[in-house]
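Report on one structure; see the data block that follows.
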Amino acid sequence: MGGRRVLIDPSLRRGFGVQGLVQEAAGPAPPAPGSLGRLDVVAVTSGEPGSFDLDTVARLDLRRTRFLVPDEGVRKRLALLGHSGVRVVRPGDVVVVGGVRVSVSPARGLLSSAVGFHLDGGSGSTLWHTGPIPPLEVDALAMSFAADHAANVVCAWAAGIALSSSGPPLFADGDDALALARLARARILLPIGRGMVPAGLFSLVFTTTASSPPITTSRDPRIEDPVSGTWYRFRT
């Protein structure tokens, strides 16, 4: 992005780092942390599994890397590994890191603070990672941010996890992710987590509500959604 190498959510594990709770559809394994090379910026949307994993961080090449994190808890965990270039950000913050303009968007984690990141590398190179979001009908803040921040590519959580098949989802489903991408006037939508399903006994409590692709029209962004639906690289 803008000549800088950016990693959002350093958690390169199967099952979002909670293999006992969720499982993924068959597909490519996550990339090895050591294969990513040196990183200029690491942005963390939340301290929860799937967004942040200390074992992954310990295996990354983080010489002179800047960190943007959602709360003091993540900052302190990074300090345990000796990282000092860490900035805690809040929705509404705008940070310029190595020529990349980062606007922090509102998000809502299940158990901890959360944010999203809109990256602008100049020359029309823009990407927005929404971070964890609840269903849009109860979250006008995410929709307002999308309308104000156009992005070529939108990465949006689309697992549609609910407590039961009849209950409201805890996180936005595929159609909500598409709605955000439409508002941001995106060319490409990368839905995150659609291949995730509850594992073992947790399938008795949780259910996924986004098992089919969202409804689209010819004017919608292209949905890049391999069956695994988890690991992406975006180059500009």
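The values are calculated or read from the model by the stated rules, or taken from the named source; none is laboratory data. What you are looking at is a predicted structure, and each value in this text was computed from that prediction instead of being measured. Here the Cβ is made from the backbone with ideal geometry for all residues, glycine too, and neighbour counts use every protein chain on show.
Of all residues in the range 53-78, those being of a type in the set (Val, Ile, Thr) and within 16 Å of PRO30 (Cβ to Cβ) number 2. Any residue at all in the range 141-149 that is over 18 Å from ALA186 (Cβ atoms), touching a strand residue (DSSP E or B) at 6+ places or on another chain (Cβ under 6 Å) and surrounded by 18 or more Cβ atoms within 10 Å (Cβ to Cβ)? There is no residue in the range 141-149 that is over 18 Å from ALA186 (Cβ atoms), touching a strand residue (DSSP E or B) at 6+ places or on another chain (Cβ under 6 Å) and surrounded by 18 or more Cβ atoms within 10 Å (Cβ to Cβ).
The strands (runs of 3 or more DSSP E) found wholly in the range 104-196 and carrying at least 1 residues that are among the charged types (D, E, K, R) occupy 115-120. Can you work out which of the residues in the range 108-129 that are modelled with pLDDT of 95 or more and touching a helix residue (DSSP H, G or I) at 6+ places or on another chain (Cβ under 8 Å) is surrounded by the fewest Cβ atoms within 10 Å (Cβ to Cβ)? Taking the candidates together, the pick is HIS118. Which of the residues that make up the range 54-64 are crowded, with 19+ Cβ neighbours inside 10 Å and more than 14 Å from SER11 (Cβ to Cβ)? Once the filter is applied, which keeps residues that are crowded, with 19+ Cβ neighbours inside 10 Å and more than 14 Å from SER11 (Cβ to Cβ), the range 54-64 yields only LEU62.
All conditions in (1) within 23 Å of ARG4 (Cα to Cα); (2) surrounded by 14 or more Cβ atoms within 10 Å (Cβ to Cβ); (3) β-branched (Val, Ile, Thr) hold for VAL96, with the sole exception of (2).
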